[in-house]
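Take a look at the structure set out below.
The numbers here are math on the coordinates, done by the rules we state, and not lab data. As the structure is a prediction and not an experimental result, all values here were calculated from the model. All Cβ positions, glycine included, derive from the backbone under ideal geometry; neighbour counts span all protein chains shown.
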Amino acid sequence: MARIITITSGKGGVGKTSISLNLSLALAAEGFKVCLFDADLGLANVNILTGLYPQKDLESVISGRAALTDILIRDYQGIDIIPGSSGVERLADLTRPETGTLIRSFLDLDAYDFFIFDTSAGISSQVLAFCMASHEIILIVTTEPTSLTDAYSMLKVLSKHGYDSPVKVIVNQVAAGKAAQKAYARLKQTVTRFLPARIEPLGIVASDKNVRASVIAQTPFFLLFPETVASRCMAAIAEKLIRHHGKAGDIPLELFWDNCLSFLETHSPRKNEKTRDARTRETASDIGERLSRMEEKLSFLVKEMADIRELLETLVPTVARTKEGPCPEPHKIILDFESWLAAKKG
Ligand SMILES: Nc1ncnc2c1ncn2[C@@H]1O[C@H](COP(=O)(O)OP(=O)(O)OP(=O)(O)O)[C@@H](O)[C@H]1O
Ligand SMILES: [Mg+2]
């Protein structure tokens, strides 16, 4: 049994990979056995930060050309790393035998205390599947409003799929403690107001020029600059994570993968495409039914847009209000879906 933690964000480039890698190292420094799963399909993934360029990845395991133990990078500075790469993309489209091969392959691994998933930016079905199957999620945000609105969207999607554990939040690239507190408070307030989701603070990571210097050196900052402020933040976060050990996070890896792949089975866009092909033989009453479902979705969207407008006002309060009260001419938000619909109808 391992504590399985998925590191995610709404917006890209907020520091998921930097935190996944350095947090893994900070946990290993405390004597824990850690495996980092690189599920980031972006450019700045674990390979770049470590200078490791493996020949094989999860794709080789799925297609039966290698065992999971063959692709595992053992003992990189005290942690093990699984390169997911192209294999992660394939996860959305596995055949039944491939699913079996993948789940069984995780039985060959050693026991880990922590299994950390670094995910790609955006709300793809793979990212969602990792989140839904983990019992612990760390959401990375920065103090920028766009990062907060994207984090909110991520929480909204998670709660729509029934995720109900508290999501741990790290505010990264923080220039001043006050700004981090304010950003977290805004997110918390909006989430509490609009969503059934729960969030809790895990920590902050200061903006630190040594983080970028370590990218150039292809050596994690926690190792290259152990005393730099970002490393101290990582050590504090690791310590808090270790101290707050709810048993909920401990699940067998096979069960995690089973849950993850089952989620993809029902939510993969490619699988849905196949279903759509079958729809070419629809009858008139099927089409009527589908039209009314679309109408339902459309009115749901209109309601969502109203929520988003309200959310934008909460996150950027100065846009719509003045000190004296509401502006005589309120700021027109471009995302005015209702007017667009009305114009279309007219
Ligand atoms: N605390 C920090 N201080 C300074 N720079 C940082 C900090 N955290 C991350 N960065 C820088 O921000 C950039 C993006 O970081 P990173 O690649 O970890 O983000 P990401 O969320 O994984 O991106 P993606 O969404 O593309 O996967 C990198 O250049 C990294 O060095
Ligand atoms: Mg990344």
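Does the range 92-103 contain any residue that is of a type in the set (D, E) and under 25 Å from D164 (Cβ atoms)? No, the range 92-103 has no match at all. Here are R90, R65, R96: which of them is under 29 Å from D150 (Cα atoms) and away from ligand 2 (no atom under 16 Å from the Cβ)? R90 is the lone residue from the list that is under 29 Å from D150 (Cα atoms) and away from ligand 2 (no atom under 16 Å from the Cβ). Of the residues that sit in the range 19-42 and are over 23 Å from I71 (Cβ atoms) and crowded, with 24+ Cβ neighbours inside 10 Å, which one is nearest to ligand 1 (Cβ to nearest atom)? Ranking the candidates gives I19 first. For T146, are the conditions met, namely being more than 22 Å from N22 (Cβ to Cβ) and hydroxyl-bearing (S, T, Y)? Considered against the rule, which asks whether it is more than 22 Å from N22 (Cβ to Cβ) and hydroxyl-bearing (S, T, Y), T146 comes out as yes. If the condition is being within 14 Å of ligand 2 (Cβ to nearest atom) and in contact with a strand residue (DSSP E or B) (Cβ under 7 Å, 6 or more places away or on another chain), then the range 3-22 contributes T6, I7, T8, S9, V14, G15, K16, T17, I19, S20, L21. If the condition is being within 14 Å of ligand 2 (Cβ to nearest atom) and surrounded by fewer than 24 Cβ atoms within 10 Å (Cβ to Cβ), then the range 114-125 contributes S120, A121, G122, S124. Only one of the numbered conditions (1) more than 23 Å from T50 (Cα to Cα); (2) surrounded by 14 or more Cβ atoms within 10 Å (Cβ to Cβ); (3) more than 16 Å from ligand 2 (Cβ to nearest atom) is not met by G177, and that is (2).
Is it the case, given these coordinates, that P201 is under 28 Å from H135 (Cα atoms), more than 9 Å from ligand 1 (Cβ to nearest atom), within 25 Å of the chain's Cα centre (by Cα) and assigned to a loop (DSSP other than H, G, I, E, B)?
Numbers: under 28 Å from H135 (Cα atoms): yes; more than 9 Å from ligand 1 (Cβ to nearest atom): yes; within 25 Å of the chain's Cα centre (by Cα): yes; assigned to a loop (DSSP other than H, G, I, E, B): no.
Here the answer is no, as P201 does not meet what is asked.
Taking first residues from the range 45-58 that are under 16 Å from G13 (Cα atoms) and partners that are β-branched (V, I, T) and buried (at least 20 other Cβ atoms within 10 Å of the Cβ), the Cβ contacts under 9 Å between residues at least 6 apart in sequence or on separate chains come to N45/T17; V46/T17; V46/I81; I48/T17; L49/T17. Residue count for the range 101-143 satisfying the condition of being under 14 Å from G12 (Cα atoms) and aromatic (F, W, Y): 0.
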